Amino acid sequence: MAHPLEALLVLQEKDRKTARLRREVRDIPIRKSDIEKQLEGAKARLESAKEELKRLTAELHQIEVDAASRREKITKYKQQQMEAKNNEQYRALLSQVAVEEQEISVLEDRAIGLMEQNETAKAAVAEREAELKQEEAGVAEEIEMLEERLKEVEAEIAERINDRKHFAAGINNPPLLARYNRILTNKGDFAVVEVDKDYCTGCHMKLPPQIINDALNPAKLVACSYCGRMLINRR
């Protein structure tokens, strides 16, 4: 006489495979999110490079504005020199021109350094853009693979649900099937477990001798006195 729990063990294996697939379906959006987060570092590096280029460009522009303003002053001072009424005024204006020319020289030196930095910053932006583009391509490929996998898993789940329905219909013991479903839902892993060396393989507690013997008998349906899972003894 076949033990009635043998069919439930087969059903349980089907249910566990379906449960694993359902977990994979739940995990795929999380995996997609984790993959997309990989881009955050590349985006941050690109943004940082752009900010540095923006800062250098603004500073260079300000130097150009300052230099232009000082050149205007020099032009004004030279015009005033031509109108100077005495040597003292002429020498004072000449001194002002010298000061402005010295400041322009300092600005021009600074501008040369900034232009070099600006070119380096432009190269850094281009490099970061290429890096981001490459990572975006890799992320897009990984996400596409996950989406394809999602379709495959969902299709497999649908097939397994249909197979499970037909298999469960062949178990001519509605109360036992209902009990199995209730325990599986409650425990989340196993509803039927085997006895192994006097222990319940569900909760790993040592079983009383009577329970162990009753689990050998196909005519008796026994449960672990600790975890409530149904027991089958195949020894």
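None of the figures in this text is laboratory data; all of them are computed from the coordinates on show. Given the structure is predicted, the values throughout are model-derived calculations rather than measurements. Cβ sites come from the backbone with ideal geometry, for glycine too, and all protein chains shown count toward neighbours.
Can you list the residues, at least 5 places off or on another chain, whose amide H is less than 5 Å from the amide H of LEU216, using H built in the peptide plane?
For LEU216, the qualifying residues are ASN233.
Enumerate the lysines that LYS187 could reach by cross-link, defined here as Cα to Cα under 24 Å, with residues fewer than 8 away along the same chain left out.
LYS14, LYS17, LYS165, LYS197, LYS206, LYS220
Taking R0 as 45 Å, what FRET efficiency do you get between VAL106 and GLN134 from their Cβ-Cβ distance, rounded to the nearest 0.05?
Numbers: r = 42 Å, r/R0 = 0.94.
Calculated transfer efficiency: 0.60.
How big is the C-alpha Rg of segment 173-235 next to the rule-of-thumb value 2.2 N^0.38 Å, as a ratio? Provide the component values of the computation, followed by the final result.
On the way: Rg = 11.0 Å, N = 63, 2.2 N^0.38 = 10.6 Å.
Relative to the 2.2 N^0.38 Å estimate, segment 173-235 comes out at 1.04.
Check the straight Cα-Cα distances from LYS133 and name the lysines below 20 Å, setting aside those fewer than 8 residues away within the same chain.
LYS32, LYS37, LYS43, LYS50, LYS122
For n ≥ 4 DSSP H runs only, could you compute -39500 (n - 2.57) per run for the chain, divide by its residues and tell me the 222 nm figure to the nearest 500? Don't skip to the answer; put the middle values down first.
On the way: 4 runs with 182 residues, N = 235.
Using -39500 (n - 2.57) per qualifying helix, the result is -29000 deg cm²/dmol.
Give the cross-link partners of LYS73 among the lysines, using a straight C-alpha distance below 26 Å as the criterion and excluding same-chain residues fewer than 8 apart.
LYS73 reaches LYS85.
Divide the volume of the convex hull of the Cα atoms of the chain by its number of residues and quote the answer in cubic angstrom per residue. Write down the numbers at each step before the final one.
Numbers: hull volume 49.1 nm³, N = 235.
Given the Cα convex hull of the chain, per-residue volume reads 209 Å³.
Could you give me D for segment 24-95, from Stokes-Einstein at 20 °C and 1.002 mPa s, where the hydrodynamic radius is the Kirkwood radius over C-alpha pairs? Units µm² s⁻¹, please.
Working: Rh = 17.5 Å.
Answer, rounded: 123 µm²/s.
Where nothing but the Cβ of Lys and Arg (+1) and of Asp and Glu (-1) is charged, how large is the charge dipole of segment 111-200 around its Cα centre, in debye to the nearest 20? Intermediate results must be reported in sequence, preceding the final value.
On the way: 12 positive and 21 negative charges, 202 e Å.
For segment 111-200, the charge dipole is close to 960 debye.
Mind checking which of ALA155, ALA219, ALA92 has the largest fluctuation in a GNM of the chain, springs on alpha carbons under 10 Å?
Ranking ALA155, ALA219, ALA92 by mean-square fluctuation puts ALA92 first.
About its Cα centre, how strong a charge dipole does the chain have in debye, to the nearest 20, once Lys and Arg get +1 and Asp and Glu get -1 at the Cβ? If you can, show how the numbers build up before the last one.
Values: 40 positive and 44 negative charges, 369 e Å.
So the magnitude is around 1780 debye.
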